[in-house]
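Novice: Once you've had a glance at the structure underneath, I'll fire off some questions.
The values are calculated or read from the model by the stated rules, or taken from the named source; none is laboratory data. Small disclaimer: the values here were computed from a predicted structure and weren't measured. Cβ placement follows ideal geometry from the backbone for every residue including glycine, while neighbour counts extend to all protein chains displayed.
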Amino acid sequence: LISLFSLVVTIVVLLFGFRDTNVYGSSENEGSPIIYQLALLVVLAAMVIKYIGGVGGWFQYHSAGRNVHVADYNTFAVVEDELELLAFDISASDVHQGGELSLVLYWKANVVPTRNYQVYVHLRGEDGTIVGQSDKINPASYPTSRWDISKYVADNHTISVSENASTGLYQFHVGLWDHLTGERFLAFDVNGWLLGESIPIDHTIYVTE
């Protein structure tokens, strides 16, 4: 709020500074300061809208029920009866050792979350070996306790695969946890069956040399 207030004060000062100043010193350009004022007003309005929109979640994606139209793959899992994983995108199905993959998770709160969850993504082999991971304090870079239950969010992750990863098949596992207590929260599938402390993403990744 302090930063926003400082920004507003700065722009207002600039606006009034231009009001009585002819920066060109010529009668032909007497209208130019007005143009600058209008431009600054537009910039100010855009910044205020962006700030308020960020706090209020205006620019998060809307969803129709549990259907995420922009996603490539649909899925479903629920954590703590509060957050639902509805869909995901994966940049590729194979990756070289030392390469990178992008994973987008589409979450939605079905009730107002009671806490701020943290999220982790592990790329695991069949033996449980983790060869790449991503961690975030705030899924979708926005505190979960402030999520709007009428909207879903896109949670972007970049996973760097270890150069020492063995070639073979791997799978992403996603989980929510509390970084203050270390507690990992249980996930359940659409039928209410326990998935465990992480959600397996139903898409096989092949690591090559």
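Novice: Might you check whether a residue that is of a type in the set (Phe, Trp, Tyr) and modelled with pLDDT under 95 occurs anywhere in region 127-143? Lay out the reasoning, then the answer.
Specialist: Residues of region 127-143 of a type in the set (Phe, Trp, Tyr): 142.
In the following step, the residues that additionally are modelled with pLDDT under 95 were identified as 142.
So far as region 127-143 goes, yes, one or more of its residues are of a type in the set (Phe, Trp, Tyr) and modelled with pLDDT under 95.
Novice: I've got another one for you. Out of everything in region 142-159 that is touching a residue at least 60 places away in the same chain (Cβ under 8 Å) and buried (at least 17 other Cβ atoms within 10 Å of the Cβ), what residue ends up being nearest to Ser91 (Cα to Cα)? Write out each step before concluding.
Specialist: Here is the first cut: in region 142-159, the residues touching a residue at least 60 places away in the same chain (Cβ under 8 Å) are 142, 144, 146-148, 150-154.
Narrowing further to those that are buried (at least 17 other Cβ atoms within 10 Å of the Cβ): 142, 144, 147, 152-154.
Working: Tyr142: 23, Thr144: 25, Trp147: 26, Tyr152: 20, Val153: 18, Ala154: 14 Å.
This residue is Ala154.
Novice: Continuing with this model, one more query. Condition first: on the phi < 0 side of the Ramachandran plot and not polar (S, T, N, Q). Now tell me which residues in region 133-147 satisfy that. Break it down into steps so the answer makes sense when it comes.
Specialist: At the first step, the residues of region 133-147 found to be on the phi < 0 side of the Ramachandran plot are 133-139, 142-147.
Hits for region 133-147 are Asp135, Lys136, Ile137, Pro139, Tyr142, Pro143, Arg146, Trp147.
Novice: Mind listing just one residue for me: the one in region 58-83 that is exposed (fewer than 15 other Cβ atoms within 10 Å of the Cβ) and under 18 Å from Arg146 (Cα atoms) and, of those, modelled with the highest pLDDT?
Specialist: Ranking the qualifying residues of region 58-83, first place goes to Asp81.
This table checks each residue for (1) closer than 24 Å to Thr144 by Cβ; (2) of a type outside the set (S, T, N, Q); (3) exposed (fewer than 15 other Cβ atoms within 10 Å of the Cβ).
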| residue | (1), (2), (3) |
| --- | --- |
| Thr167 | no, no, yes |
| Thr181 | yes, no, yes |
| Gly196 | yes, yes, yes |
| Ile205 | no, yes, no |
